[in-house]
Amino acid sequence: MNRHIIFAAALLISGTAINADTSGGITPAMMEQIKSAYQGTPTDRAIHNAIAANNIDNLAVNADNKNGFNTDFSHRVKSKGITDQQSSGRCWLFTGLNVLRAQMMDKHDLPKLELSQNYNFFWDQLEKSNLFLQGIIDTAAKPMDDKTVEWLFKNPISDGGQYTGLSDNLMKYGVVPADVMLETYSSNNTTKMRTLLGWKLKEWGLELRKLHADKLADRKTEMLGEVYRILALTLGVPPTEFTWTRKDSDGNIIDTRTYTPQSFYKEYAGNDLKNDYVMLMNDPTREYYRLYEIDYDRHAYDGQNWTYVNLPVEDIKKMAIESIKGNDMMYFSCDVGKSFDRSRGILDVNHFDYESLFGTKFGMDKADRIRTFASASSHAMTLVAVDLDESGKPRKWMVENSWGPGANDGHLIMTDRWFDEYMFRLVVDKKYITPKVKEVLKQKAVTLPAWDPMFAEEE
């Protein structure tokens with residue numbers, strides 16, 4: 001029997017009728033009207049010839065807008081050297097460690113220092129594996145098509161993340177200098193390792209859903225042992241202690257001592273990353289001056305869900321300016337791919353003129369882009385500078401990136417209008433927050449589900 005007939009019969013048996021209503025289809029009359037939108041004028045043909053042979057973005061560049069762009073800044077925290085995450089989604093980790101190392105260098109008069117991203121990434125992947133496996137255990141009684149169960153199997157592990165994952169990781173595992181645990185191919189190129197771990201976790205997830213309750217804890221530990229072995233083979237074994245020679249900023253040796261990663265963190269950093277900082281968010285789709293958290297938006301099962309204060313962007317700018325004036329860098333995230341001139345390292349909403357090229361308006365505002373999943377936080381960087389005009393209003397901002405050397409010595413410059421449209425998250429020291437934000441932090445957080453659009457991880 002023809003497979004289409006079998007399919008139709010199955011639908012009828014199941015009680016699902018085949019919709020034969022074609023009123024929503026494209027009719028011949030509609031097609032004629034649709035085709036009339038393209039007249040084939042000399043202008044249309046010229047544009048078609050250009051687009052057919054070229055990259056659309058190259059043709060849409062607003063050439064006049066590039067003239068006279070000033071790259072000076074009135075207030076700037078000095079960067080401590082550009083890092084490179086290479087082909088990995090670890091921007092959140094690079095950003096957090098870049099903020100931390102700058103503080104360590106200033107506080108202790110250290111020479112250039114880079115912290116090992118690979119060390120903390122190892123523990124991040126182990127903790128995320130446990131988060132998934134325990135999540136599967138917790139939801140084992142729910143059907144496979146339950147929204148949470150479905151979300152877990154779709155998102156077993158990633159190399160992206162956000163600030164609370166960073167703070168939980170560093171406060172538990174400490175940090176080590178970069179030369180104590182070097183990068184490997186798999187730490188710089190995470191796709192294959194992440195894919196293989198994802199496959200194993202999904203396989204184990206199905207197994208755990210079938211196991212008797214008294215066997216779950218032991219079997220999960222065995223699974224995490226296999227994860228540890230995979231991570232050790234690809235990333236190396238993280239040190240439990242190491243010997244490090246401290247020098248001052250002139251290169252003079254101060255002393256040589258043995259540390260654990262935790263004792264090194266405590267002596268040279270010591271920040272309470274969980275309690276001394278707050279995540280600020282600009283999400284115009286939700287009520288401002290409210291505290292929110294997102295379920296499962298954490299890196300460790302016993303860690304903290306991502307919690308943030310939702311604010312108008314102008315409020316966030318005021319605290320960012322105070323932090324920069326106070327010589328404190330900030331963890332910052334945005335939708336970096338939008339209106340981006342990579343060759344100049346500039347983010348400017350006027351960089352591309354798609355409307356003139358195609359003769360149509362692209363009219364969604366920030367709230368509409370969030371609602372339709374057209375825009376979300378995609379990349380974390382370190383906010384280091386602001387350029388203020390005579391009245392104290394920001395003209396532009398600058399971030400230290402983690403894509404290696406490039407334009408502006410590895411920094412990106414964004415116009416203030418771009419900041420309004422595509423900035424999402426900022427972490428500031430609580431000493432810079434306003435009294436109004438302090439009051440919001442006393443609220444009970446509104447919990448959003450894991451599949452909320454704001455879950456987007458920085459990569």
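Readers should treat all values here as calculations from the given coordinates under stated rules, not as data from a laboratory. Given the structure is predicted, the values throughout are model-derived calculations rather than measurements. All Cβ positions, glycine included, derive from the backbone under ideal geometry; neighbour counts span all protein chains shown.
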Beta bridge orientation in the chain: antiparallel %, DSSP, nearest 5
85
So residue 46 and residue 305, fully extended at 0.36 nm per residue minus their Cα-Cα distance, gain in nm 87.9 nm
Please compute the length gained on full extension between residue 393 and residue 318, using 0.36 nm multiplied by the number of residues separating them and subtracting their Cα-Cα distance.
26.1 nm
Amide H proximity to residue 61 below 5 Å, modelled H, separation 5+ or other chain, gives 353
Could you give the nm distance between label points at residue 248 and residue 342, where each point is 7 Å from its Cα heading toward the beta carbon?
4.4
Pseudo-spin-label distance residue 142 to residue 87, built 7 Å along Cα→Cβ, given in nm, is 3.5
Of 370, 212, 54, farthest towards positive along the dipole that unit charges on Lys, Arg, Asp, Glu beta carbons give the chain:
212
By the scheme Lys and Arg +1, Asp and Glu -1, what is the net charge of all other residues having a beta-carbon under 13 Å from that of residue 88?
-4
At a Förster radius of 35 Å, what calculated FRET efficiency corresponds to the Cβ-Cβ distance of residue 29 and residue 407, to the nearest 0.05?
0.10
Among 77, 149, 162, whose Cα lies farthest out toward the positive end of the dipole of the range 64-168, if unit charges sit on the beta carbon of Lys, Arg (+1) and Asp, Glu (-1)?
77
Charges at C-beta only: +1 for Lys and Arg, -1 for Asp and Glu. How large is the resulting dipole of the range 365-459 about its Cα centre, in Debye rounded to 20?
560
Calculate the dipole size of the chain relative to its Cα centre from +1 charges on Lys and Arg beta carbons and -1 charges on Asp and Glu beta carbons; express the result in debye to the nearest 20.
500
Length gained when the stretch residue 55-residue 288 is fully extended (0.36 nm per residue, less Cα-Cα span):
79.9 nm
Among 65, 223, 176, whose Cα lies farthest out toward the positive end of the dipole of the chain, if unit charges sit on the beta carbon of Lys, Arg (+1) and Asp, Glu (-1)?
223
For the residues 230, 413, what sequence is obtained by ranking on other C-beta atoms within 10 Å, fewest first?
230, 413
If I require 30 Å or longer along the helix axis, counting alpha carbons, and a Kyte-Doolittle average no lower than 0.0, what helices from the chain are left? Use full DSSP H segments.
213-235
The exposure ranking of 139, 95, 434, fewest beta-carbon neighbours within 10 Å first, is 434, 139, 95
Just how large is the dipole of the range 138-290 about the Cα centre, in debye to the nearest 20, putting +1 at every Lys and Arg Cβ and -1 at every Asp and Glu Cβ?
500
